Amino acid sequence: MRLDKSLERSMAMSDATWARHANPWSVWTRFPVLPLLALAIWSRVWIGWLSLVPIVLLVLWTFYNPRAFPPPASTDNWVSKGTFGERVWLNRKTIPIPAHHAAWARWLSVASGLSLLPMIWGLYALDPWAAALGALLASVFKIWFVDRMVWLYEDMKDADPVYAGWLVSKPERRTARS
């Protein structure tokens, strides 16, 4: 079983949830979760077992976040296309993707995962530099991954009518003179 599919199932990502997750607010409010989680874990030094409160809240937010915002009026933006690319990536067994996209996505996922090692060590050993470096690197690789997912979506949006249907342009504004 593929890890990415297992994670998607654990998050209960239906089509409706994916549509809501394409809201830029959903994506932008997920990016700070990892540094905040590191801070919450570190806070055990200051507040002891009470650190479990922000840790649990962040884990709950991670699950709830894709459902927290309505589907956006327009999905013609970088972050929405990033979520579409993730869906295309997850569907790559059904509709194959170009090899260069698969290689980059795997490499960036591994790099992001490996970046967690210094963060975990830093949080365990109370080494702020290791914890911060790991969180920073993991975040940079995640943002780079999202950027690659935008590229993947742009290359694949015409491969399937469902993919093309995810892109919704901003409705034109009417002026008083119209």
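Since every read-out is calculated from the coordinates, none of them should be taken as a lab result. The shown structure was predicted, so the numbers you read here are calculated from the model rather than taken from an experiment. Neighbour counts are summed over all protein chains in view; Cβ atoms, including those assigned to glycine, are modelled from backbone coordinates with ideal geometry.
Side notes on the structure shown:
- 19 Å cut-off, amide nitrogen to a point 7 angstrom out along Ala12 Cα→Cβ, residues in the stretch 51-95: 56-71
- The computed P(r) over Cα pairs in 10 Å bins from 0, in percent for the structure shown corresponds, within (1) 9, 36, 39, 14, 2; (2) 9, 32, 28, 17, 8, 5, 1; (3) 9, 31, 34, 17, 7, 2, 0, to (3).
- Summary value for the chain: 27 percent relative contact order, contacts being C-alpha pairs under 8 angstrom separated by 6+ residues.
- Helix 33-42 axis versus longest C-alpha principal axis of the chain: approximately 10°, rounded to the nearest ten.
- Whole-Hz ³J(HN,Hα) from phi, Karplus 6.51 cos²θ - 1.76 cosθ + 1.60, for the stretch 88-104, glycine and proline x: 4, 4, 5, 9, 5, 6, 7, 10, x, 10, x, 4, 5, 5, 4, 5, 5
- Computed E for Ser169/Leu133 - FRET, C-beta separation, R0 30 angstrom, nearest 0.05: 0.15
- Relative to the longest principal axis of the Cα atoms of the chain, the long axis of helix 52-68 makes an angle of roughly 0 degrees.
- For the chain, the number of Lys pairs with C-alpha atoms closer than 19 Å, counting only pairs eight or more positions apart or on separate chains, is 7.
- Sites counted here are trypsin sites (Lys or Arg not before Pro) in a DSSP loop (not H, G, I, E or B) having no more than 10 other Cβ atoms within 10 Å; the longest part of the chain that contains none of them is 3-92.
- Per residue of the chain, the DSSP helices (runs of n ≥ 4 H) give a summed -39500 (n - 2.57) that works out to -22000 deg cm²/dmol at 222 nm.
- Under-5 Å amide H pairs with Asp160, H placed in peptide plane, nonlocal only: none
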